[in-house]
1. Quick check: from the Cα gyration tensor, does region 183-264 come out rounded (a/c under 1.5), prolate or oblate?
2. Past 25 Å, Cα to Cα, is the threshold; run Lys189/Lys219; Lys132/Lys229; Lys43/Lys207; Lys132/Lys233; Lys207/Lys236; Lys29/Lys182 against it and keep the listed order.
3. Taking the Cβ of Ala183 as the center, what net charge do the other residues with Cβ under 10 Å away carry, scoring Lys and Arg +1 and Asp and Glu -1?
4. Pop out the carbon and sulfur fraction of the accessible area of region 14-67 as a percent, whole number, probe 1.4 Å.
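The values are calculated or read from the model by the stated rules, or taken from the named source; none is laboratory data. Small disclaimer: the values here were computed from a predicted structure and weren't measured. No Cβ is skipped: glycine too gets one built from the backbone with ideal geometry, and neighbour counts run over all protein chains shown. Heads up: the accessible areas ignore ligands, DNA and RNA and are worked out on the full protein's heavy atoms, side chains in. Shrake-Rupley method; radii C 1.70, N 1.55, O 1.52, S 1.80 Å.
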Amino acid sequence: LLNKERIFNDKFVSDHFAIIPTGKQPSVKLEGDDARIFELVLKRFIASFMPHAVWDKVERITEIGENYFRTRVQDLNVPGWREVYGLDSDEQTKLPKLNTSTYEKEPTSIKVNEIKPEENATKPPPRHSEAKLLSLMEHCGKSVEDEEIAAALKDKGIGTPATRADIIENLIVKEYVVRFGKALKATSKGIRLLDVLNRIPVDILAKVELTGEMESQLKEIEKNLYERKEFMKNMKTFTTQIVERARTFNYDDIYKNEKALGACPECKKGQVFESFWAYACNKNNPSTKTKKD
């Protein structure tokens, strides 16, 4: 068996443990979700002991006049552990393989017969799915593919494997987030909350790094690497500062530097400004009047 040292490591055993097959056959025939879950656990267990998957990645730079075009291609050379799951279309080569030995020696001249420009637009990043959000919570809001970096951030994640799903459900129950098909979507309530926290400003409360750092310090206390008294002292100071800012701010002040959104559609004379509670015309609402008025 390969990778035994990484898989069986007592240093990482705490209050949560891995789920592995025992070797005992199910006493009844598994069907539906039971069968699918058993298969997921089984495949994951087998794949953990298999060799690395090896990719051939080649980058080609094509020069046409003063313009440069980059083409990247990757090909799965050795399936390794991916063979357990089967290969989907995204893992197959989408472009012809490049002869790397030729390009390493000297540039190759190619005759271009025709060029057709195509106009296109970049797409915004997709919304986070629950699975993607769980991964971001584990790595303190960072997308991580490198195993070493993931291990370094492991102790700075939000929550634990047992509580992260509940955190997402709590956001949904409080209407800060809604399910949007298979993805998650922030509500106007959630967006407004973050906007106000940023304007007060106490936006540190909404930063994932804060929670990750606190979780990390708590784990250091558990291992006797950090003093509990020092942690409580810092928390008291931090809490006092945040509460004072949140207690003394004025709703009208946090929007006073905002520019007008446009002319008032009703009176045609004033300008419409945003406030915490609504949008109002500075000619008809005293609280939105500027110094010049």
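1. In terms of gyration-tensor shape, oblate.
2. Long pairs (Cα-Cα over 25 Å): Lys189/Lys219; Lys132/Lys229; Lys43/Lys207; Lys132/Lys233; Lys29/Lys182.
3. +4
4. Looking at region 14-67 in its full context, I get 55 percent from C and S.
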